[in-house]
Amino acid sequence: MKRFWKSAEGIHEHDGWAVRLDGKPLKTPMGESLLVPTEALARGITQEWNLVEERIDPRTMPLTGLAHAVIDRVRPNPAAFAAGLEKYAEADLTCYRAERPTELVERQARCWDALLGWARRRFDVDFRTTGGIVHIDQPKATVDRLSHAVSVLDEFHLAGLSPLVTIGGSLVAGLALLEGELSPEDAWEAVAIDDRWQLEQWGDDAEAEQRLENSRRDFLAAARFLNLLSD
């Protein structure tokens, strides 16, 4: 779609902040009005639209995309959306460890042991870890409490948490970022250990490096979305 508007602006309304293009309300793909809860998020979305040059490129507008997801995908059934994220409590990335080589084993342990330690204290749970990728059941209390932490989130926080969990494969890392235990960059470093290791072993692989950079971009955009909900 070509740019058809001169300017975008955020407008305060009685129940939130709307984004307008030349005074007309911005709509989601499903035709719903875009309304967000904070001025900071409205400013972020407005900036994305004002920076468009000739054509819309969704890859450069992640805040808009996540706001659309809230309204069109999460709001119709928040419980079902949350349930999809809750499943990651049953098989968190940080519980599946390499058995070799030693350097990778040590990298995972340094980062992931600390992360699981935080989750143990925060949610009063325990975790089972294993070498390899064969599924291992987690204690029921662990699954229940992590699932509850997701289920109580509002629709905007659910939408922001979703890319963190689905890209990184770790609900624990996503919750740690959400609660301020990890910075966005530290959270990304935690979930990208295996991918970075593989790149180190393969050497120059422009395609794989670009895929990882795309994932990093989307991960950090979701973290920014969550941050703008609290500003």
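Tabulated data for the structure shown
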item	result
Neighbour-limited loop hits for GluC sites (Glu not before Pro), the range 1-99 (at most 11 other Cβ within 10 Å; DSSP other than H, G, I, E, B)	Glu53, Glu54, Glu99
Dipole axis of the chain (+1 Lys, Arg; -1 Asp, Glu on Cβ), positive-most option in Ala69, Phe4, Leu158	Phe4
Taking Val143, Val70, Val152 and counting other C-beta atoms within 10 Å, the order from fewest to most	Val152, Val143, Val70
Dimensionless Rg ratio for the range 57-146, taking C-alpha atoms and the 2.2 N^0.38 Å reference	1.40
Mean separation of Cα contacts under 8 Å (6+ apart) over length of the chain, as relative contact order %	20
Ellipsoid semi-axes in whole angstrom, largest first, where each is sqrt(5λ) of the Cα gyration tensor of the range 8-74	17, 14, 11
Proxy reagent accessibility, fewest Cβ within 10 Å first, across Phe156, Phe4	Phe4, Phe156
Base-10 log of normalised Debye intensity for the range 109-231 (one unit scatterer per alpha-carbon) at q = 0.20 Å⁻¹	-1.22
About the Cα centre, charge dipole magnitude for the chain (Lys/Arg +1, Asp/Glu -1 at Cβ), debye	480
Residues Ile71, Ile11, Ile133, Ile193, sorted so that the one with the fewest Cβ neighbours within 10 Å comes first	Ile133, Ile11, Ile193, Ile71
The range 146-217: GluC sites (Glu not before Pro) in DSSP loop, at most 16 other beta carbons within 10 Å	Glu179
Rh (Kirkwood; distinct C-alpha pairs) - the chain, Å	19.1
Calculated FRET efficiency for the pair Arg107/Asp15, C-beta based, R₀ 41 Å, to 0.05	0.30
Normalised contact order of the range 1-125, rounded percent, pairs of Cα under 8 Å and 6 or more residues apart	17
Using a Förster distance of 22 Å, the FRET efficiency for Arg120-Lys140 (Cβ separation, nearest 0.05)	0.90
Theoretical FRET efficiency, 1/(1+(r/R0)^6), r = Cβ-Cβ of Gln201 and Arg55, R0 45 Å, to 0.05	0.70
Cα-projected label distance for Asp154 with Ile133, points at 7 Å along beta-carbon direction, nm	3.9
Computed Kirkwood radius, in angstrom, where 1/r is averaged over Cα pairs of the range 1-124	17.8
Integer Hz, Karplus 6.51/-1.76/1.60 couplings in order for the range 189-203, x for Gly and Pro	4, 5, 7, 9, 4, 5, 5, 5, 4, 4, 5, 4, 6, 6, x
J(HN,Hα) series, the range 207-219, from Karplus relation 6.51 cos²θ - 1.76 cosθ + 1.60, nearest Hz, glycine and proline x	5, 5, 5, 5, 4, 5, 5, 4, 5, 4, 4, 5, 5
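Laboratory data are not the source of any read-out in this text; all were calculated from the coordinates shown. If you're wondering where the values come from, they're calculated on a predicted model, not measured in any experiment. Using ideal geometry, Cβ is built from the backbone for each residue, glycine included, and neighbour counts are taken over all protein chains shown.
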